[in-house]
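In what follows, a single structure is set out as structure tokens and then discussed.
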Amino acid sequence: MATEAARIVLARKALDLYLQEHGDERRWRYPLAGSDVAECDIVDLMMDLMLLARASGHDPCTVLRKTQVHLDAEIGQRC
């Protein structure tokens, strides 16, 4: 399994590609101080991934629950 740092790099690449495809649609971006990643961009990408899950025959709520389990197991973050 890839390290957390390697997975962050891959996620950043996915987000960057997603944002490139949206071009100038992105008007309301508010990244935290010291960061160039806006929470709303991550949420939009995750939402589109949930749409893909549903279109592929998966239950988006189940995907989110499994993601929460992984988050807790891997970094101890509970939602």
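The numbers here are math on the coordinates, done by the rules we state, and not lab data. If you're wondering where the values come from, they're calculated on a predicted model, not measured in any experiment. All Cβ positions, glycine included, derive from the backbone under ideal geometry; neighbour counts span all protein chains shown.
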Relative contact order of the stretch 4-75, please, whole-number percent, based on alpha carbon pairs below 8 angstrom and at least 6 residues apart. 17 percent
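Loop only per DSSP, at most 10 neighbouring Cβ atoms within 10 Å: give me the trypsin sites (Lys or Arg not before Pro) in the stretch 36-79, ordered by residue number. Spell out each step's value before the answer.
Values: sites: ARG54, ARG65, LYS66, ARG78; in loops: ARG78.
For trypsin sites (Lys or Arg not before Pro) across the stretch 36-79 that sit outside H, G, I, E and B with at most 10 neighbouring Cβ atoms in 10 Å, the list reads ARG78.
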Whole-angstrom Cα spans of the chain along principal axes, big to small: 33, 31, 23
